[in-house]
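Rule-based calculations on the coordinates, nothing more; no lab input. The structure presented is a predicted model; accordingly, all values stated were derived computationally and were not measured. Neighbour counts are summed over all protein chains in view; Cβ atoms, including those assigned to glycine, are modelled from backbone coordinates with ideal geometry.
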Amino acid sequence: MTRLDRYLFRQLGIGLLAVTVGLAALVWLTQSLRFIELVLDRGLSLAVFVELTGLLLPSFFAVILPITTFVVVLFSYVRLNGDRELVVMRAAGLSDWQLSRPALLLATLATGFCLFLQLWLVPVSHAAFRAWQFEIRNEMAAILVQEGVFSSLGDELTVYARRREADGTLRGILVHDTREAGAPVTIMAEEGRLVATPNGPRVILLNGVRQQMDPAHENRPARLSVLTFAENSVDLASSSRSQVDGARNRDSRERFVGELLNPDPAENLPERDIRKFRAEGHQRLASPFTTLAFAMVGLATALASGFRRHGDWRPGAIGVALVVTLLAIGLSIGNLAARDNAFIPLIWIHALGPCLIAAWVLGGRFGLPRRRPGPAEG
């Protein structure tokens, strides 16, 4: 790299690092608000909250890095043109391709990092996030039961304990269970103890009353049944069996590309999910190349415009409009490919097509007639 290349690369690299980290932090703050109740309402520590939400950062970086690379490249070269630095560089004999080398190198490094994220780090981190989320909702239900607080363990199970002893014994327990549709159950007991089982935590209740509303049938109305017991137990593992099964089933973001493109027949996945997984696999492979494509669009937009003494807002507006259009097209193509895998080639055309068009513009738009200057311009 020449001294000029290092100068441009340093400016682009510092800008990309600052913009990407700042935007990722902003997205992390907005998304982590969904989990703040784990700290405020359920008694988890701040360290657990930060580590849990931190597992979402790789997916944030994979999404925003193509956009931040484009923004930094476009506006850095527009600023260089406005400060007349590009005019001096061109006067020194540098072509558009030579001026583009630092940006292309940076975009290539960002593309490689996106490939690393999409092929390995995103599925690993998301799988760890889902496993920890399942553990918090099910295996850690014991610590979510707080003294003197109505604790919601899912959407269909509420537990209240008047007092919690130092040895873990609960006094004055109330459990409201609506997991069985149409037959809500309310249990009150003098004391109880939380125990761990292979299927998740359970609470053993002593000396209590179980009240259940039996649903109405054709020949009789709904009625309340009351049962007095000396010992009973309630499963706290999940609010419904479907939620447990759903949490244990891996979604597309937890799977590696090979598993998405070739699902295991033993899983007996429906055809709809198989089509969705295949489209997701190709998007995982193609999306990192949009980093290079968006950077080249920014280069072509900034370098193809001439110098204007009083500044020019058009390159920035045109570049932003082009990338916003490409993002919208990419979302549409992804939905089409998920419904019908015949549209999968469009994913690759969308990822690589802008690179070819931008390279054609940077190369001088070969094949188009050049405008000759008129007599006054000559």
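Using the Cβ atoms and a cut-off under 14 Å, what net charge is assigned to the surroundings of ASN232, where Lys and Arg are +1 and Asp and Glu are -1? Could the numbers behind the result be given before it?
On the way: positive: ARG193, ARG202, ARG210; negative: ASP177, GLU190, GLU191, GLU231, ASP235.
With Lys, Arg at +1 and Asp, Glu at -1, the neighbours total -2.
Expressed in nm to one decimal, what extension gain is obtained for the pair ALA92 and ALA25 from 0.36 nm per residue of sequence separation less their Cα-Cα distance? Spell out each step's value before the answer.
Values: separation 67, 0.36 × 67 = 24.12 nm, distance 4.08 nm.
Here the answer is 20.0 nm.
Report the gain in length on full extension from ALA304 to ARG193: 0.36 nm times residue separation, minus Cα-Cα distance, nm rounded to one decimal. Please list the in-between numbers first.
Working: separation 111, 0.36 × 111 = 39.96 nm, distance 7.31 nm.
Full extension from ALA304 to ARG193 adds 32.7 nm.
Modelling each spin label as a point 7 Å along the Cα-to-Cβ direction, I'd like the ALA342/LEU17 distance in nm, to one decimal.
5.0 nm
What ranking do 24-34, 118-128, 47-57 get when scored by the average of other Cβ atoms within 10 Å per residue, highest first? Each step should come with its number before you reach the end.
Details: 24-34: 12.8, 118-128: 17.6, 47-57: 15.4.
Highest to lowest by the protection proxy: 118-128, 47-57, 24-34.
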